[in-house]
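The values are calculated or read from the model by the stated rules, or taken from the named source; none is laboratory data. All of these numbers come straight from a predicted model, not from anything done at the bench. Cβ: placed from backbone, ideal geometry, glycine included. Neighbour counts: every protein chain shown. Note: accessible area is taken over every heavy atom of the protein model, side chains too, but ligands, DNA and RNA are not part of it. Shrake-Rupley method; radii C 1.70, N 1.55, O 1.52, S 1.80 Å.
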Amino acid sequence: MNAIASARDLITRNLRQSGILVAFVAIVAVFALLNPMFLSATNLTNIVLQYTYILILAIGMVMIIVAGQIDLSVGSVVALTGAVSAVVVVKNGMPWWAGVLAALVVGLLVGAWQGFWVAYVGIPGFIVTLAGMLLFRGLTYVVLDNISISPFGKPYYDIANGFLNGLFGGYGYDVFTLVIFAIGVVGYAVAQWRGRQSKISYHQSVESMPLFVAKLVVVAAVVMWFAYKLATYRGLPVVLIILAVLTIGYTLVTQKSVFGRHVYAVGGNRHAAELSGVKVRKVNFWIFVNMGLLAAVAGVVYSSRMNAAQPGAGNMFELDAIAACFIGGASTSGGVGRVGGAIIGGLIMAVISNGMQLMGVSTSIQPIVKGLVLLLAVAFDIYNRRRAAALR
Amino acid sequence: MNGRTPLLSLREVSRFFGAVEALVDVDLDVHAHEVVALVGDNGAGKSTLAQIVAGVLTPSSGQLEIDGEPVTISSPSAANRLGVASVFQDLAVAENLDVTANVYLGQELSRRGFLREGEMEETTRDLLRHLTVRIPSVRTPLSQLSAGQRQAVAIARTLIGSPRIVVLDEPTAALSVAQTAEVLTHIQKLRDLGLGVILISHNLNDVRAVADRVEVLRHGRNNGSFAATASHEEILAAITGAP
């Protein structure tokens, strides 16, 4: 009785978040049933390699959307940063890290440029980044002189295509991968446990012990199963480590830091935030700088993945990243959304694309399905908000 | 009035918006343990005055003093540092954030940039208890609270950083009768805690229920000072300028 009540409470309390998670699990289950190849080690690894750059963009984008802005330029910034990196590494023969560094610096400059116009001149982010989309695409053509530059060569290529494998040996599977994931699971469990303890010490309601343990066991089982799949194929993809570090880091920044709190406040009620002493301009400036940096990371990963810098790279990436945020529960009016939600939203898009490709669905049908998913996700969000307003 | 140095005094404060005279040579004193009501018709300059005290606007001329010392209040955070906290007219809270986050907004407790949630929750709970505010949990998002509860949170947030002067701009404007009564109790609690309160309101009944003194503004100028015992008609006459 009590356990059921607390389970129901857990679900209704986080319907927006958990609804997305349930949808994700359902979509994975459907594709797994339709095609046994879907959950194979090879395909799971492919999903990780193919869509990481969208997820990296979605992390920055969700912060922008929470603050009530939008960034349409990230696809062009991915292209520009990749192009700069290629010129440094391929044309000038500099080492791989010089290319990465150059890309990150360009990303920061782009972010500062757009942040300046949004925060200090007061032009809406939509307009500034629409201009940026054209501007940085054009600059990409200039930097690349209208042609693709390739190949990057080994160390750079491994950023997006490399694996950590065989560090601890193993018998048909990579022990190192399993160890890393196990550390992650233990860390997650400890963090959850400490969160629960501190909630109890402040007299807040928590889910019952059996439910709490059950939740941890399910999460641990799924994660370790995924780790085992990766371990039996090629090991731990380097990009997965990059993505994990970014996801954990930005979850902490958005949920636990003063800056993160201020981002939510600006998106929730800009006027109230300003009167409360939140430095709204500074917040707006830094979220765009941050987006520029993450777009550069995505640019590096994408150019590495393609082993080339192309003038047309990153086309429409901004829309995938924005869709990931909204599917992941971000609100169109700002103030609501989470990094974890955006990641799951991005994974839903990734799984749908990959699943349809695997089943040989024609390329003309794929965007139709993705468009409908986006529409339904936002409709669900609006329906939830109306219901919440009616309950009040 | 009683020989003590006022907590806050305004001396001949004026504020112009271009050619518009929003405030002209206004004087105002607020003492500790005192609720001063500021009344006046629309456009009489009440909100302008509140915003000057809160640091949102700077006066075009005139002097502000806190404890008899001249001060300039250049921003809301400067006001906070000087011990002045404000609640603005239009329910100035972020509905997407929970009670604790709103109470501490802009003044978060942190260690190396990261929030100290536990301490903030505890203090918030204490504050709400002092004000006898009933709210399900300090982690409830504001979007799930009634307008009266939200206003109570807005009043509670003024107490962070132990201010000495609280400015309330139309705190009861959007509220039902029962909610208004509740908010008026909170205002009395603020006085009992020893604060000086500036209460801006349209509603003379509210004002006479809690204020110790009523100051009238008309066309941006002082137009009479009344004890709380003054009759409705007397105050109304000063507001409308009737002879």
Count, please, the residues in region B:62-84 that happen to be within 8 Å of chain A (Cβ to nearest Cβ) and touching a residue at least 60 places away in the same chain (Cβ under 8 Å). 1
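Which fully enclosed helices (runs of 4 or more DSSP H) of region A:179-268 have 2 or more residues being surrounded by fewer than 17 Cβ atoms within 10 Å (Cβ to Cβ), at pLDDT 90 or above and more than 11 Å from chain B (Cβ to nearest Cβ)?
On the way: elements: A:209-232, A:238-256, A:258-268.
It comes to A:209-232, A:238-256.
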Restricted to region B:85-100, and to residues that are open to solvent by less than 20 Å² (accessible area, probe 1.4 Å), touching a helix residue (DSSP H, G or I) at 6+ places or on another chain (Cβ under 7 Å) and more than 7 Å from chain A (Cβ to nearest Cβ), which residue is modelled with the lowest pLDDT? B:V87
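On the given criteria, is B:S9 within 14 Å of chain A (Cβ to nearest Cβ), within 21 Å of B:N222 (Cα to Cα), in contact (Cβ under 8 Å) with a residue 12 or more places away in the chain and out of contact with any Ser or Thr (no Cβ under 8 Å at 6 or more places or on another chain)?
Values: within 14 Å of chain A (Cβ to nearest Cβ): no; within 21 Å of B:N222 (Cα to Cα): yes; in contact (Cβ under 8 Å) with a residue 12 or more places away in the chain: yes; out of contact with any Ser or Thr (no Cβ under 8 Å at 6 or more places or on another chain): yes.
Here the answer is no, as B:S9 does not meet what is asked.
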What is the number of the single condition among (1) within 21 Å of B:V36 (Cα to Cα); (2) open to solvent by 20 Å² or more (accessible area, probe 1.4 Å); (3) modelled with pLDDT of 85 or more that B:E182 does not meet? (3)
For region B:138-161, the count of residues that are outside any loop (DSSP other than H, G, I, E, B) and touching a strand residue (DSSP E or B) at 6+ places or on another chain (Cβ under 8 Å) equals 6
For region A:269-308 the number of residues that are in a helix (DSSP H, G or I), within 24 Å of B:V84 (Cα to Cα) and open to solvent by less than 10 Å² (accessible area, probe 1.4 Å) is 3
Scanning region B:113-143 for residues that are within 9 Å of chain A (Cβ to nearest Cβ) and among the basic types (K, R), which turns out farthest from the chain's Cα centre (by Cα)? B:R139
Given the conditions (1) of a type outside the set (V, I, T); (2) surrounded by fewer than 20 Cβ atoms within 10 Å (Cβ to Cβ); (3) facing chain A (nearest Cβ under 10 Å); (4) within 22 Å of the chain's Cα centre (by Cα), report the number of the one that B:S176 does not fulfil. (3)
Please specify each residue of region B:154-177 satisfying the condition of being within 19 Å of B:L142 (Cβ to Cβ) and among the small types (G, A, S). B:A154, B:A156, B:A173, B:A174, B:S176
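Does A:G335 satisfy the criteria of being crowded, with 22+ Cβ neighbours inside 10 Å and either farther than 30 Å from A:N284 by Cβ or within 14 Å of chain B (Cβ to nearest Cβ) (or both)?
Values: crowded, with 22+ Cβ neighbours inside 10 Å: yes; either farther than 30 Å from A:N284 by Cβ or within 14 Å of chain B (Cβ to nearest Cβ) (or both): yes.
Yes: the conditions hold for A:G335.
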